[in-house]
Amino acid sequence: MTTNIIFDHRGRTKAGKEGPVEIRVTHNRQSWYVNTGVRVTKAEFKDGEVCRRDDAKELNGMIRGMAARVVEIVGRMIANGEAVDGPAIRRRMMAADEAVDADGFIAWCDAQLDGMGLADGSVKHYRTLLSRLEQWGRMSAWDQVTVENVLAFDCWLHATLKKPLSDAERKAGKVAQPVTDAGVYNYHKCLKALLNRAVLLGRLTVSPYERLKGKFSRGDADTVEFLTEEEMRRVVALHPIEGTPMAAARDLFVFQMETGLSYADTQAFDFSQYQNVDGRWVNIGHRVKNGCPYVSRLSDECLDILGRYGMKLPRMDNADYNKWLKALAVAVGIKKRLHSHMARHSFATYMLAKGARIENVSKMLGHTNITQTQRYAKVLPESVLADYDKVMGGGHRGADDHRRAERKA
């Protein structure tokens with residue numbers, strides 16, 4: 001038995017229009033087709049996978065999960081001597097889903113996670129969402145998935161969730177503060193993805209979020225936390241005792257600052273993917289988060305770090321990593337709250353400040369579009385002033401003299 005993921009086997013989709021992604025199962029030269037419910041344009045499908053979309057990884061994970069279930073169902077039907085056809089396969093799949101549905105909405109969501117192609121870190125975020133839903137207790141059944149309850153869940157999150165305090169902060173008597181809009185927004189992002197999947201698979205007719213567009217703020221999307229060049233130098237200059245968690249955290253953070261890789265991409269790092277091109281170690285990889293390609297080059301500092309770990313990077317749980325970064329910030333006298341993604345932000349702002357073209361920085365970071373990269377440029381007022389200087393002169397007086405001369409002319 002073989003399976004293939006194909007695009008519109010009947011060839012009925014017009015150019016530029018969306019068509020069905022299907023699963024083809026073949027056994028003894030007989031083929032059956034199952035529609036996945038995913039619709040994309042022909043340009044968004046290549047080599048059996050959805051591509052060139054922000055949700056490509058999620059869709060591909062869902063399709064692979066469905067394909068595995070189809071193979072299991074068809075194999076069982078053949079072994080039992082049952083007649084196999086498309087409708088029969090779909091009936092079996094729906095029956096299996098209904099058994100999970102009977103346990104409720106949260107149980108269905110939990111069952112979906114394995115087939116979504118999520119990174120381990122993302123799975124943790126989704127499971128945290130499900131634990132919050134269980135804690136809240138008002139969206140466990142399908143008939144409770146309503147616009148009103150999504151709004152009520154948002155209010156509960158804002159009123160209940162608090163930012164975690166470090167041991168030092170607790171000892172100092174600090175009081176936990178509510179999470180930010182951005183923190184609550186991340187719960188909505190996961191819940192929205194699950195509800196969209198439920199619509200895609202026919203569990204819901206419409207997602208409540210369709211009626212709630214723009215209702216939930218993610219905070220200031222243009223706010224970017226980053227280290228200045230001088231602060232970056234302080235981190236690089238720090239050399240904790242080798243073999244300690246602090247040393248591993250420092251090396252991971254510096255590696256991120258030098259390459260722009262995300263935490264997930266450092267944990268999936270593979271030196272064998274890099275090639276030596278004219279003395280430069282370079283790689284065109286694909287991000288763990290969204291499968292988008294990125295261009296990476298290893299600096300001498302990166303090679304030194306890799307050399308300490310046998311040309312690998314240290315593995316560290318993200319929570320532990322961020323905990324040690326807080327200690328690192330204290331050690332080098334940085335008052336900002338260090339976290340793993342700040343290294344990526346620092347790389348981007350540094351490259352732009354040094355004159356790198358924004359479209360190239362976007363490729364270095366593996367962004368799906370340049371709009372994501374533009375927010376880094378917004379935090380660099382000196383670059384704006386530099387462009388003013390190119391047009392109007394180096395200072396206020398020169399610009400004023402120029403304008404006066406134009407008026408006299």
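The values are calculated or read from the model by the stated rules, or taken from the named source; none is laboratory data. Because the structure is predicted, anything quoted here is derived from the model rather than measured. Neighbour counts run over all protein chains shown; Cβ positions are idealised from the backbone, glycine included. Just the protein is used for accessible areas: all its heavy atoms, side chains included, with ligands, DNA and RNA removed. Shrake-Rupley method; radii C 1.70, N 1.55, O 1.52, S 1.80 Å.
Calculate for the chain the 222 nm mean residue ellipticity that helices alone would give, adding -39,500 (n - 2.57) per DSSP H run of length 4 or more and normalising by residue count, nearest 500 deg cm²/dmol.
-16500 deg cm²/dmol
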Response to the item:
For segment 292-360 the mean separation of alpha carbon contacts under 8 Å (6+ apart) over residue count, i.e. relative contact order in percent, is 17 percent
Worksheet, complete the sentence: Taking the dipole of the chain about the Cα centre (Lys, Arg +1; Asp, Glu -1; charges at Cβ), the one of Thr13, Ala327, Gln30 that reaches farthest to the positive side is Thr13
Worksheet entry | Residue-level accessible surface for Glu258, protein heavy atoms, 1.4 Å, Å² | 70 Å²
Fill in: Rounded accessible area of Asp120 (nearest 10 Å², 1.4 Å probe)
130 Å²
Worksheet item: So how much accessible area does Cys155 have, in Å² to the nearest 10, using a 1.4 Å probe?
Response: 90 Å²
Discussion item. Below 12 angstrom from the Cβ of Leu129, what's the summed charge of the other residues (Lys, Arg +1; Asp, Glu -1)?
Written reply: +3
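Rank these residues by their accessible area, most exposed first, probe 1.4 Å: His341, His286. Kindly include the intermediate steps, with their values, before the conclusion.
Working: His341 70, His286 120 Å².
Sorted by accessible area, descending: His286, His341.
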Worksheet, complete the sentence: The correct ranking of Arg211, Arg297, Arg308, Arg53 by accessible area at 1.4 Å, largest first, is Arg211, Arg297, Arg308, Arg53
Response to the item:
XL table Lys57/Lys124; Lys46/Lys192; Lys57/Lys363; Lys14/Lys363; Cα-Cα > 25 Å flagged, in table order, is Lys46/Lys192; Lys14/Lys363
Worksheet item: Sorted by average packing, counted as other Cβ atoms within 10 angstrom per residue and highest first, what order do 268-277, 56-65 take?
Response: 56-65, 268-277
Worksheet item: Over 27 Å between Cα atoms, which of Lys171/Lys289; Lys335/Lys378; Lys213/Lys336; Lys189/Lys312; Lys215/Lys378 qualify?
Response: Lys171/Lys289; Lys213/Lys336; Lys189/Lys312
Worksheet entry | Nearest 10 degrees, 0 to 90: helix 147-160 Cα axis against the chain principal axis | 40 degrees
Practice prompt. Considering Cα pairs under 8 angstrom that are at least six residues apart, work out the relative contact order of the chain and quote it in whole percent.
Written response: 11 percent
Discussion item. At 1.4 Å probe size, put Asp154, Asp181 in order of accessible surface, largest to smallest.
Written reply: Asp181, Asp154
